[in-house]
Amino acid sequence: MRALQITEYGDNSVLSVTDVLLAAPTGDQVLIDVEAAALNPLDATLRAGYAQALMPLHFPATLGGDVAGVVAAVGPDVTGFAVGDRVYGNAYTLLGGSGAFAERALVPSGNLARIPGDLSFTDAASMPVAGTTAVEAIDHSLKLRPGQKVFISGGSGAVGSAAVQLAKLRGAHVVTTASGDGLDLVRELGADAVFDYTSTDFAEHLRDVDAVLDAVGGASLEKSYGILKRGGTLVTVIGEIDQAKADSLGLTVIRQGAQSDGVLAELTGYLADGAITPRVGCTFPLEEAAAAFAAIESRSVRGKIIVVP
Ligand SMILES: NC(=O)c1ccc[n+]([C@@H]2O[C@H](COP(=O)([O-])OP(=O)(O)OC[C@H]3O[C@@H](n4cnc5c(N)ncnc54)[C@H](OP(=O)(O)O)[C@@H]3O)[C@@H](O)[C@H]2O)c1
């Protein structure tokens, strides 16, 4: 089968579509025929080797995590899935999968769920990483309650747009940041207020916020400490936390990494209800994956970037 592999870290010139032999599924592995896979910012970070100290790849490495397809075979310990099921989930090699950018992928059954209703493969593939990150942040890290005021940085991004929708579902007052056509997007998603980060400093206008979800990092994260009320909670999915600063301000701060068990199932419920809607930007064939990586790195596409094998 064809797979997008790298044998060294580097820029997009290290990407190549290669013929790969995939073993039959063992244990709790599920083999899926991939219909669609999606890019995340992490994929470019992994390819470049920027994360190799914490998340080393073993070469040759098939890239990609977000995946959707049809079950082709199951390992002897798999109970929840059968051949022919439409499934989606996370095929990252770091999490025990064989990589998503390929014609077939082996995925631990715990990283998969059935695609709800008639959601398309491309829409389903666009959601696992960003959607579970948002569900984990809003429901598990922040435990958002009705009437609370939440600031979500990067509400127009993949994580942010799912988080804005879920925060509104929880009855929160949602303030966010975006730029360009992202400003209208977050308003359509239900945000109560939005700051254009290219022209306005949110920190000069916001005070006494109950909760912050930081999906931008850098200066945006640093300024987020100052807008929270004492007793408030800040979760970042990208930056490092400053515990001393949090202690002095009476804040709870969380650096959110992996998601809890069961969060993919929770996301599936929200997708089934239409409470969270996917946003696909464009689609590339596997052979043009380098262009897909270039698009995510240049941030030239609004919505998720899909690769179809
Ligand atoms: N810890 C985890 O488990 C986890 C999981 C998923 C993602 N992440 C990380 O979370 C971050 C967001 O991921 P994503 O998939 O949502 O990315 P994305 O779709 O590319 O969204 C990026 C967001 O950041 C905004 N933005 C870009 N540059 C900015 C700046 N200089 N100042 C303020 N806002 C800016 C964008 O706004 P406009 O497009 O409107 O300009 C957009 O809303 C990434 O760093 C990713 O690696 C972490």
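Flag not set for Gly99, criterion: part of a loop (DSSP other than H, G, I, E, B) and surrounded by fewer than 19 Cβ atoms within 10 Å (Cβ to Cβ).
The residue that is farthest from the ligand (Cβ to nearest atom), among those in the stretch 196-217 that are more than 20 Å from Ile138 (Cα to Cα) and under 23 Å from the mean Cα position of the chain (by Cα), is Asp196. Restricting attention to the stretch 218-277, the residues that are among the acidic types (Asp, Glu) and within 16 Å of the ligand (Cβ to nearest atom) total 4.
Yes or no, residue by residue, for (1) within 16 Å of the ligand (Cβ to nearest atom); (2) in contact with a strand residue (DSSP E or B) (Cβ under 6 Å, 6 or more places away or on another chain); (3) open to solvent by less than 20 Å² (accessible area, probe 1.4 Å):
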| position | (1), (2), (3) |
| --- | --- |
| Arg2 | no, yes, no |
| Asp19 | no, no, no |
| Ala24 | no, no, no |
| Val30 | no, yes, yes |
| Asp43 | yes, no, yes |
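The single condition among (1) part of a strand (DSSP E or B); (2) under 21 Å from the mean Cα position of the chain (by Cα); (3) surrounded by fewer than 24 Cβ atoms within 10 Å (Cβ to Cβ) that Val71 does not meet is (2). Taking the stretch 179-283 as the region of interest, the helices (runs of 4 or more DSSP H) fully inside it that hold 2 or more residues being in contact (Cβ under 8 Å) with a residue 40 or more places away in the chain are 182-188, 218-224, 263-273. Residue-level check: of (1) in a loop (DSSP other than H, G, I, E, B); (2) within 11 Å of the ligand (Cβ to nearest atom); (3) under 26 Å from Thr268 (Cβ atoms), Thr133 misses just (1). For Glu8, state whether it is touching a helix residue (DSSP H, G or I) at 6+ places or on another chain (Cβ under 6 Å), part of a loop (DSSP other than H, G, I, E, B) and open to solvent by 40 Å² or more (accessible area, probe 1.4 Å). Yes: the conditions hold for Glu8.
The values are calculated or read from the model by the stated rules, or taken from the named source; none is laboratory data. Just so it is clear, the structure is predicted and the values come from calculations on it, not from any experiment. Backbone-built Cβ (ideal geometry, glycine too); neighbour counts: all protein chains shown. The area values use the complete protein model at the heavy-atom level, side chains included, leaving out ligands, DNA and RNA. Shrake-Rupley method; radii C 1.70, N 1.55, O 1.52, S 1.80 Å.
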